[in-house]
1. Considering only the range 93-113, state which residues are touching a Phe, Trp or Tyr at 6+ places or on another chain (Cβ under 7 Å) and in contact (Cβ under 8 Å) with a residue 40 or more places away in the chain.
2. Any idea which residue in the range 519-545 is least open to solvent (accessible area, probe 1.4 Å), counting only those that are more than 22 Å from Gly360 (Cβ to Cβ) and more than 50 Å from the chain's Cα centre (by Cα)?
3. Within the range 156-176, track down each residue that is over 30 Å from Gly250 (Cα atoms), among the basic types (Lys, Arg) and modelled with pLDDT of 80 or more.
4. Can you name the residue in the range 563-584 that is more than 18 Å from Thr404 (Cβ to Cβ) and in contact with a Leu (Cβ under 9 Å, 6 or more places away or on another chain) and is also surrounded by the most Cβ atoms within 10 Å (Cβ to Cβ) among such residues?
5. At least 1 residues that are open to solvent by less than 40 Å² (accessible area, probe 1.4 Å) and of a type outside the set (A, V, I, L, M, F, W, C) in each: list the helices (runs of 4 or more DSSP H) lying fully within the range 191-293 that qualify.
6. Looking at the range 502-518 only, could you name the residues that are within 21 Å of Glu458 (Cα to Cα) and either among the hydroxyl-bearing types (Ser, Thr, Tyr) or surrounded by fewer than 13 Cβ atoms within 10 Å (Cβ to Cβ) (or both)?
7. Yes or no: the range 177-190 includes at least one residue that is at pLDDT 80 or above, in a strand (DSSP E or B) and within 20 Å of the chain's Cα centre (by Cα).
Amino acid sequence: MRSILPAARPEPAPRAPLALVARSVQEMVDDLKSVRRQYLEALPVAGAVLDYVDGAVSIDCCNAAYAALETGGDMFGLYPENPPAPLLDRCGFIDRIAEFMASDDAMRELEWSDGGPVVGRHYVIRLARVPAIDSGEPRCLLTLLDKTAELQAEKSLRLEMFNDSLTGLPNRAGFSEALEQAGAAGDNHFAVLIVDLMRFSRINESIGSLAGDELLITVARRLMSALRTGDVIARTGGDEFGLLIRLVDGPGDALHIAQRINAIFAQPCRLSDLEIRIEPAIGCALSEPDCDGEALVRRAQFAIKRAKISGKVEVYQPVAFNQARRRFSLETALRRAIEGDRLRLAFQPLIDLSSGRIAGYEALARWTDGDRGEVSPSDFIPVAEESGLIVPLGRWALDTAARTLASWDKAVGEPLPIHVAVNISAIQIARDDVAGAVSAALADHGLAGKRLMLELTESAIIADPDRATRVMESLKALNTPLAMDDFGTGYSNLAYLQRLPIDMLKIDRSFITGMLADKDKVAIVRAILSLAHALGISTTAEGIESIQLAQTLSALGCTRGQGYYYGVGMPADEALAYWRSRDA
């Protein structure tokens, strides 16, 4: 029979005492802390878990690497409930850590240097939020990454990159960085001085590279003694030093420093038993709001070119710089004109003063640029010589002159009794095979050597007399007549007239122009003609502009004349027509 009595309820388990419950919770907390410590010990860097309770930052636990950074107490996990944080106090980041704890950020990085710049350690402190299982308060993981070795390597590399190994001064890159910093600071009150050591390459070749290095170190020390606090000095080139000068009292500060530099180099430098006087060339450029550091250096270097000529401290002048820029622009246009065959020759007649007949023509280069219009030879010929374009330009002139002369012969039906004179520069003699170029032009157009006269200036001969002599002898082997152009304006070394195979002296127009009203010019011209006659050399007077001048020169014994009285430079077809009109 089934009982109708209710089932008996199981007796409830006896409750654990409160002390036991608390102990179990504490054991769990301790277990969690132990797990955190084990995790921290597994980290390859110093680390600690931080709590944020009642607005204060405290250390929950840390690893041995972190404890080793602390300055007091046994920090290997034997903390009291709220242990001190001497490391956090030392780095001064407790407030920033508290700010992070109170924020919603998941991660943050801080940088800290412990100790001085020489023996200190450098760390990156990373804060990462972690969940607090056993507490409702914010908690984070703090790790310290030691960047000391990395920063020291970077510092060493930076020293190597930005400093000169010989003098210990900043190098060009370091100087550029100093200029950038001055410009970034908004400081437009400074100047750049560039000091170039004249004759240093010759000194270095004479006394050797080791003594040359010693001389550079001596120069660096003397330059440092001329500077003030706040100024910067660098070795910007082999024998070039750059100085950044703060202009406290205006531009005069830079000139004052330049004068001090000249003064300290007035005394010679002693190397072993030698006393060597250094001559500095100093160029200066003043800072401007729209001019960066590299532009300032270029301006100061441009001023040095003028300083080497004048022997004085030169300050950058925009007009001169703009002229130089125009010369480079002209050089580019000239190079393209030569490559595109856009130049032409004009032919100015050379007249036999005794008969009035045409003895020949001088070929003159002419250039009409699409943007500049007619460019004067006095503008583009110096640019061609400076840039080396005179070599292809000279070869073009030789070939074009020979081709034109051959075309005249063909038009007349027989060789004309005239020659064409072509100018040869000192650069061509130094860099080109002039005799080979002349030989090729003669052969290509079937001309005899006597049909091309080559005009050389005294400077072309004096620049390298031995080479000039060899070139002239090679040209004479081709039977080409040689003329000395602009005679009387150079050194006028009379020994050259006797030793070199010169056939013609061209008296410079500066002696001919206004000669009739200047008895001194008449005396000079008479002396030149007498000398040429004694040596058996023909003469040509340049710059004849009147019949009276032509008659006077003829009476004095001048062989030929050239000038506006007879004709200006004319195109090839007009030159041929001019010959026909006078000699037909």
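The values are calculated or read from the model by the stated rules, or taken from the named source; none is laboratory data. Just so you know, these numbers come straight off a predicted model, no measurement behind them. In this analysis, Cβ positions are derived from the backbone assuming ideal geometry, glycine residues included, and neighbour counts consider all displayed protein chains. To get the accessible areas, we keep the full protein, side chains included, count just its heavy atoms, and leave off ligands, DNA and RNA. Shrake-Rupley method; radii C 1.70, N 1.55, O 1.52, S 1.80 Å.
1. Ala98, Met101
2. Within the range 519-545, the first condition is being more than 22 Å from Gly360 (Cβ to Cβ), and the residues that meet it are 519-524, 526-527, 530-531, 534.
So of that shortlist, the ones also more than 50 Å from the chain's Cα centre (by Cα) come out as 519, 522-523, 526, 530, 534.
Numbers: Lys519: 167, Val522: 36, Ala523: 55, Arg526: 125, Ser530: 69, Ala534: 82 Å².
Checking each candidate, the answer is Val522.
3. none
4. In this case the residue turns out to be Gly563.
5. Working: elements: 200-207, 209-225, 252-264.
Here the list reads 209-225, 252-264.
6. Ser510, Thr513 - these are the residues of the range 502-518 that are within 21 Å of Glu458 (Cα to Cα) and either among the hydroxyl-bearing types (Ser, Thr, Tyr) or surrounded by fewer than 13 Cβ atoms within 10 Å (Cβ to Cβ) (or both).
7. Scanning the range 177-190, I find no residue that is at pLDDT 80 or above, in a strand (DSSP E or B) and within 20 Å of the chain's Cα centre (by Cα), so the answer is no.
Yes/no per residue for (1) open to solvent by 50 Å² or more (accessible area, probe 1.4 Å); (2) touching a residue at least 24 places away in the same chain (Cβ under 8 Å):
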residue: Val434; (1), (2): no, yes
residue: Ala441; (1), (2): no, yes
residue: Met453; (1), (2): no, yes
residue: Ser459; (1), (2): yes, yes
residue: Arg470; (1), (2): yes, no
residue: Ala477; (1), (2): yes, yes
residue: Leu482; (1), (2): no, yes
residue: Phe487; (1), (2): no, yes
